[in-house]
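See below for the structure under consideration.
The values are calculated or read from the model by the stated rules, or taken from the named source; none is laboratory data. Note that the structure is a prediction, hence the values are computed from the model and not measured. When we count neighbours, we look across all protein chains shown, and the Cβ atoms used for this are built from the backbone with ideal geometry, even at glycine. In case anyone asks, the SASA skips ligands and DNA or RNA and just uses the protein heavy atoms, side chains included. Shrake-Rupley method; radii C 1.70, N 1.55, O 1.52, S 1.80 Å.
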Amino acid sequence: MKQGILARNPSVLIFLALLALFTLIVTFGSEAYGAGFVSTSFVKTLGKTLCLCLAALAMDLIWGYAGILSLGHMAFFALGGYLIGMWLMYARTEEIVVAALAQDALPATAEEIRQGIATQIFGVVGSSDLPLVWSFAYSLPIQLALVILVPGLLALIFGWLAFRARVTGVYLSILTQAMTLALALYLFQNDSGLRGNNGLSGLQNLPGLGDVGQDQLSVWFFWTSALALAGAYIVLSGVVGGKFGSVIRAIRDDEARVRFLGYSVESYKLFIFTLTAVICAIAGVLYYPQAGIINPAELAPIASIYLAVWVAIGGRGRLYGAVIGAAFVSLMSSLFTGGRVPAIDLGILRIDWVDWWQVLLGVVFVLVTLFAPKGIGGLFDLALHRRSPDRKGAPLGPEDGSLQEKEALE
Amino acid sequence: MSSILEVSGISVSFDGFRAINNLSFSIGPAELRAIIGPNGAGKSTFMDIVTGKTRPDEGTVTFGERSLNCLRMSEAQIARAGIGRKFQRPTVFEDQTVTENLTLALKASRNPLRVLGWRRKLIDAERIAALAAQVGLADQLARKSGELSHGQKQWLEIGMLLAQEPRVLLVDEPAAGMTLAEREQTTAMLVDMAKTRAVVVVEHDMEFIRRLNCKVTVLHEGSVLAEGSLDHVTMNPAVIDVYLGRG
Ligand SMILES: Nc1ncnc2c1ncn2[C@@H]1O[C@H](COP(=O)(O)OP(=O)(O)O)[C@@H](O)[C@H]1O
Ligand SMILES: [Mg+2]
């Protein structure tokens, strides 16, 4: 009777096959390993897109499955980026400082190196001391552990406070936005120890790999991102496919009823909130070395709203929907804002896509919400002739079960 | 006879309105009890208090041999301790199959990590099949419960209650929306369940109560007006006055 996740869920197999094919095409098209028809900067764009897809998977889990509309998950994404960025910047600056001091007659002391690094990194904000939060930036293993621990702990504490107080619905969404905003405002300050609005930069250079070109590095990161996405997809389809998934969907639909079945709804919400926060942080860790720079604008509340928009357009409540939504919208977005789409001249009005893209996206979001609540993923239902009844927005009350509508027709 | 559920002296007010007023109630470990009373008497509120949904302003609720204090427990803890509840309108998870609904209710660890690692074993499948057969849904296992008829949903909910294996069962208007034959079947099932556990049934329908053939508690304005056999309470002038007289 035992069956693997793959056999039970053929969509996982299809997803993995498509992802593998995509990875092969990009690899053999890259400048480093193939024909060169995919430019290095485009490899980076695609790699970053995979990371956004990973974040969208997390968003789908918490919103699409558990029904918690968090508008703060990109804060965890950016937090992951900051934490890995600290090590990247520290270690890279260390290389430069050591090389510079090697010119001197006397060998440099550890303290001199430390001082040099601090001056290099914090000169822009008029400081030459290494802030407390950089205490472990010298160590990759510690900083990698912090990548999980810091966002995980933040989510745990925030979630514990919010869920224990039974904050739900719109109020929870507002609370997550407030958390994101507070974090962004804090990071904008120069004395937060993370270089204020300068953020962290030069993250595309990997310490110790100075002689590996960006063309190669970009493909390596692309591979890692693809691997992370594949792994998360397999794990999460296991999570949502089993009894746990059944519980969280039940919480989404009627949490009071779930309590009377003996499930501690708050624990489940907290678990999902923390798990998805950590997934977002990992996505951020892979994203920012490809972007090369991170600053507090990255955790503006709007970023988290975008995440929700992607999942809504892709189709929530199905993992592949989230991936399709994130990939489709973010690629369209870089196309439109990249200035490559010709402007439309209407005489009185000139539609310049760099400015109008947001408007278009907003309109599409409204249209999808109103007329195609299943998003792009709903197209697969059409193709598979899987139809759900049109309830005109009415809840699934006792008298309007879907088959009854069909029965009424027959 | 020692009681499994002991409610004493509870009161609760909503915005100054006393919905429950110094109410006491107790039931034995294998007893069937019917609660009747006019609309707004506080029957559902009474169930809300016992299941932890509403906190009383005063009074105590204790459960089991070890006299657990229910007022200190969350809804989920009370449910795990063994108090099951069926709501007035059927509340099944419409987007999930009958099997999934029953699996959710099946007695097992409710810990998130244990649930994450839960795999359906043969014994669970058999238990689910047996439960479905018991409530007449054996051939509906793979269907989404939203597709079931109203009566079938009531049955599914009863099946979910059985799956929880509670020691006290609170059933709010079970016969609502059922056909006559279904009502008879429900009565038989409730009587049967009460052989091994405490069952409290809230119902409007006198015929239904008569068939249950058990002790009756009459609620009025948040407190107990009369208690005893159906014939005994229906002859009580106070009861005739407030409830049956209107009827
Ligand atoms: N949450 C609440 N807030 C305010 N009033 C309530 C609330 N719950 C119940 N009531 C009131 O308490 C009284 C008892 O209600 P209820 O227990 O539902 O009655 P029954 O189930 O016996 O018909 C009613 O008058 C109702 O309006
Ligand atoms: Mg009621």
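Structural remarks
- The set of residues from segment B:163-214 being within 15 Å of ligand 2 (Cβ to nearest atom), open to solvent by 10 Å² or more (accessible area, probe 1.4 Å) and hydrophobic (A, V, I, L, M, F, W, C) comprises just one member, B:ALA176.
- Lone unmet requirement of (1) within 14 Å of chain A (Cβ to nearest Cβ); (2) within 16 Å of ligand 1 (Cβ to nearest atom); (3) within 15 Å of the chain's Cα centre (by Cα) for B:ARG33: (1)
- Verdict on B:LYS153 being open to solvent by 60 Å² or more (accessible area, probe 1.4 Å), under 19 Å from the mean Cα position of the chain (by Cα) and within 10 Å of chain A (Cβ to nearest Cβ): no
- Qualifying residue in segment A:254-261 (condition: outside any helix (DSSP H, G or I) and either under 23 Å from B:LEU104 (Cα atoms) or within 14 Å of chain B (Cβ to nearest Cβ) (or both)): yes
- Any hit, segment A:387-404, residues being out of contact with any Pro (no Cβ under 8 Å at 6 or more places or on another chain), at pLDDT 85 or above and either within 13 Å of chain B (Cβ to nearest Cβ) or assigned to a loop (DSSP other than H, G, I, E, B) (or both): no
- Of all residues in segment A:312-338, those satisfying the criterion of being in contact with a Leu (Cβ under 9 Å, 6 or more places away or on another chain) and assigned to a helix (DSSP H, G or I) are A:ILE313, A:LEU319, A:ALA322, A:VAL323, A:ALA326, A:ALA327, A:VAL329, A:SER330, A:LEU331, A:MET332, A:SER333, A:PHE336.
- Considered as a group, the residues in segment B:58-68 that are open to solvent by 20 Å² or more (accessible area, probe 1.4 Å) and assigned to a loop (DSSP other than H, G, I, E, B) include one that is nearest to the other protein chains (Cβ to nearest Cβ), and that residue is B:ARG66.
- Test: B:LEU32 is away from ligand 2 (no atom under 16 Å from the Cβ), in the same structural domain as B:GLY228 (by TED's automatic domain parsing) and in contact with a Cys (Cβ under 8 Å, 6 or more places away or on another chain): yes
- Qualifying position, being under 15 Å from the mean Cα position of the chain (by Cα), away from chain B (no Cβ under 14 Å), hydrophobic (A, V, I, L, M, F, W, C) and open to solvent by 10 Å² or more (accessible area, probe 1.4 Å), among A:LEU331, A:LEU299: A:LEU331
- Sole residue being more than 16 Å from ligand 2 (Cβ to nearest atom), without any contact (Cβ under 8 Å) to a residue 60 or more places away in the chain, surrounded by 22 or more Cβ atoms within 10 Å (Cβ to Cβ) and in a helix (DSSP H, G or I), chosen from B:LEU104, B:LEU113, B:LEU71: B:LEU104
- All told, B:THR103 meets the bar of being more than 15 Å from ligand 1 (Cβ to nearest atom) and under 30 Å from B:LEU137 (Cα atoms).
- Complete set of residues in segment B:1-57 that are aliphatic (A, V, I, L, M), assigned to a loop (DSSP other than H, G, I, E, B) and buried (at least 22 other Cβ atoms within 10 Å of the Cβ): B:ALA41
- Selection of first residues in segment B:39-50 that are in the same structural domain as B:LEU71 (by TED's automatic domain parsing) and of second residues that are assigned to a loop (DSSP other than H, G, I, E, B) and more than 8 Å from ligand 2 (Cβ to nearest atom), restricted to Cβ pairs under 6 Å at least 6 apart or on distinct chains, gives the following pairs, ordered by first then second residue: B:GLY42/B:GLY222; B:LYS43/B:GLY37; B:ASP48/B:THR54; B:ILE49/B:PRO56.
- Of all residues in segment A:40-63, exactly one satisfies the criterion of being open to solvent by less than 10 Å² (accessible area, probe 1.4 Å) and more than 25 Å from A:ALA20 (Cβ to Cβ), namely A:ILE62.
- Scope segment B:35-61; condition more than 16 Å from ligand 2 (Cβ to nearest atom) and among the aliphatic types (A, V, I, L, M); matching residues: B:VAL61
- Taken over segment A:266-290, residues that are of a type in the set (S, T, N, Q) and buried (at least 23 other Cβ atoms within 10 Å of the Cβ) amount to 2.
- Residue identified as under 21 Å from B:VAL50 (Cβ atoms) and more than 15 Å from ligand 1 (Cβ to nearest atom) among B:LEU212, B:LEU230: B:LEU212
- Unmet criterion (only one of (1) over 13 Å from the mean Cα position of the chain (by Cα); (2) surrounded by fewer than 21 Cβ atoms within 10 Å (Cβ to Cβ); (3) closer than 23 Å to A:ARG249 by Cα) for B:PHE87: (1)
- Near pairs, Cβ below 9 angstrom, 6+ apart or cross-chain, from segment A:224-252 (assigned to a loop (DSSP other than H, G, I, E, B)) to any residue that is of a type in the set (Phe, Trp, Tyr): A:GLY242/B:TRP118
- Residues located in segment A:339-359, provided they are surrounded by fewer than 12 Cβ atoms within 10 Å (Cβ to Cβ) and not in a strand (DSSP E or B): A:GLY339, A:ARG340, A:PRO342, A:LEU346, A:GLY347, A:ILE348, A:LEU349, A:VAL359
- Flag set for B:GLU75, criterion: closer than 16 Å to B:VAL168 by Cα and facing chain A (nearest Cβ under 8 Å).
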